[in-house]
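**Student:** Submitted below is the structure of interest, expressed as structure tokens.
The values are calculated or read from the model by the stated rules, or taken from the named source; none is laboratory data. Because the structure is predicted, anything quoted here is derived from the model rather than measured. Virtual Cβ from ideal backbone geometry, glycine too; neighbours counted across all protein chains shown. Keep in mind that these areas ignore ligands, DNA and RNA; they rest on the heavy atoms of the full protein, side chains included. Shrake-Rupley method; radii C 1.70, N 1.55, O 1.52, S 1.80 Å.
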Amino acid sequence: MTRFRPLFWPTVFSVPVVLALLGLGSWQIERLFWKRELIAQFRHVTIEGVFLHGKELFLGATSEAGRNGYQVLTPLQEPGGGIVFINRGFIPAEIKDPTKRPAGQVTGMVRVQGLLRLPPAKKPAWFLPDNRADLNYWFWVDLPAMAVADKLDRVAPFYIDADATPNPGGWPKGGVTRLELPNDHLQYAITWFSLAVTLIVVYLLYHRRNAGSG
């Protein structure tokens, strides 16, 4: 039986490449579970109450078409008195003034369907500017600060992204959160692991051929 003797240069090349491929495959598996957990964080909910339109807050945003504007966060007061902020959707910058979109200022009891969202515990990224409550310009959702800015108490520790059900007049345009998140990480992991296995097979066959010709 021929003893396996690894050749220097093929081994020097193959070992780190195989380790790198296995590492990439493992990373994609981690991303797979992370994406599944992310999707699981969203909950479809229905809530009823009255919009407090006079306390609208504006989150800087860009539409899918690249149009500058805002996402409108409006407090909704439930029959029991509790407050839940509703992200009603996107508006272009030129209609920030509510008088330019009066049909969307719905009065009376409303029912809102959407996705329950948990706000970040702190600023999501270091490069984001600080929220400007004094200008009613928000870069990220900070519910405690928003409650203070609107002089509200009994504010829920979550907010709701309204679904794409059209609002009267067309604005705000809801459905800003998409749940069709691509989750191809398993496919990527299989690709990386397959490349690692292929390289190992080539490595072994190369040594076998060289051993047979020696």
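**Student:** Quick one: which residue in Pro124, Pro157 is outside any helix (DSSP H, G or I), within 25 Å of Gly69 (Cβ to Cβ) and free of Cβ contacts under 8 Å to residues at least 40 places away in the same chain? Can you show your working first?
**Tutor:** Working: Pro157 fails: within 25 Å of Gly69 (Cβ to Cβ).
Testing whether each residue is outside any helix (DSSP H, G or I), within 25 Å of Gly69 (Cβ to Cβ) and free of Cβ contacts under 8 Å to residues at least 40 places away in the same chain leaves just Pro124.
**Student:** Can I ask one more? May I ask you to list the residues in segment 94-144 that are among the small types (Gly, Ala, Ser) and either surrounded by 10 or more Cβ atoms within 10 Å (Cβ to Cβ) or modelled with pLDDT of 95 or more (or both)? Even if it seems obvious, please write down each step before you answer.
**Tutor:** Pass one, segment 94-144, residues among the small types (Gly, Ala, Ser): 103-104, 108, 114, 121, 125, 133.
Selection gives Ala103, Gly104, Gly108, Gly114, Ala133.
**Student:** I've got another one for you. Looking at this structure, is Thr46 of a type in the set (Ser, Thr, Tyr), loosely packed, with under 14 Cβ neighbours inside 10 Å and at pLDDT below 90?
**Tutor:** Working: of a type in the set (Ser, Thr, Tyr): yes; loosely packed, with under 14 Cβ neighbours inside 10 Å: yes; at pLDDT below 90: no.
Answer is no for this residue.
**Student:** Name the single residue that is nearest to Leu115 (Cα to Cα) among those in segment 171-187 being assigned to a helix (DSSP H, G or I) and either open to solvent by less than 70 Å² (accessible area, probe 1.4 Å) or modelled with pLDDT of 85 or more (or both).
**Tutor:** Among those that are assigned to a helix (DSSP H, G or I) and either open to solvent by less than 70 Å² (accessible area, probe 1.4 Å) or modelled with pLDDT of 85 or more (or both), it is His185.
**Student:** Could you check segment 49-61 and list, in sequence order, the residues that are part of a helix (DSSP H, G or I) and open to solvent by less than 80 Å² (accessible area, probe 1.4 Å)? Don't jump to the end; show me each part of the working.
**Tutor:** Taking segment 49-61 as the starting set, the residues that turn out to be part of a helix (DSSP H, G or I) are 53-55.
Hits for segment 49-61 are His53, Lys55.
**Student:** Tell me yes or no: at least one residue of segment 62-82 is of a type outside the set (Lys, Arg), outside any loop (DSSP other than H, G, I, E, B), under 18 Å from the mean Cα position of the chain (by Cα) and modelled with pLDDT under 95.
**Tutor:** Yes, there is a match, as at least one residue in segment 62-82 is of a type outside the set (Lys, Arg), outside any loop (DSSP other than H, G, I, E, B), under 18 Å from the mean Cα position of the chain (by Cα) and modelled with pLDDT under 95.
**Student:** Give the residues of segment 68-87 that are in contact with a helix residue (DSSP H, G or I) (Cβ under 8 Å, 6 or more places away or on another chain) and of a type outside the set (Gly, Ala, Ser), sorted by residue number. Lay out the reasoning, then the answer.
**Tutor:** First pass over segment 68-87, keeping only residues in contact with a helix residue (DSSP H, G or I) (Cβ under 8 Å, 6 or more places away or on another chain): 68-70, 73-75, 83, 85.
The answer is Asn68, Tyr70, Leu73, Thr74, Pro75, Ile83, Phe85.
**Student:** Looking only at segment 29-43, count how many residues are assigned to a helix (DSSP H, G or I) and either open to solvent by 40 Å² or more (accessible area, probe 1.4 Å) or in contact with a strand residue (DSSP E or B) (Cβ under 7 Å, 6 or more places away or on another chain) (or both). Don't jump to the end; show me each part of the working.
**Tutor:** So in segment 29-43, the residues assigned to a helix (DSSP H, G or I) come out as 29-40.
Retained after the next criterion (residues that are either open to solvent by 40 Å² or more (accessible area, probe 1.4 Å) or in contact with a strand residue (DSSP E or B) (Cβ under 7 Å, 6 or more places away or on another chain) (or both)): 29-31, 33-34, 36-40.
Residues flagged as assigned to a helix (DSSP H, G or I) and either open to solvent by 40 Å² or more (accessible area, probe 1.4 Å) or in contact with a strand residue (DSSP E or B) (Cβ under 7 Å, 6 or more places away or on another chain) (or both) within segment 29-43 amount to 10.
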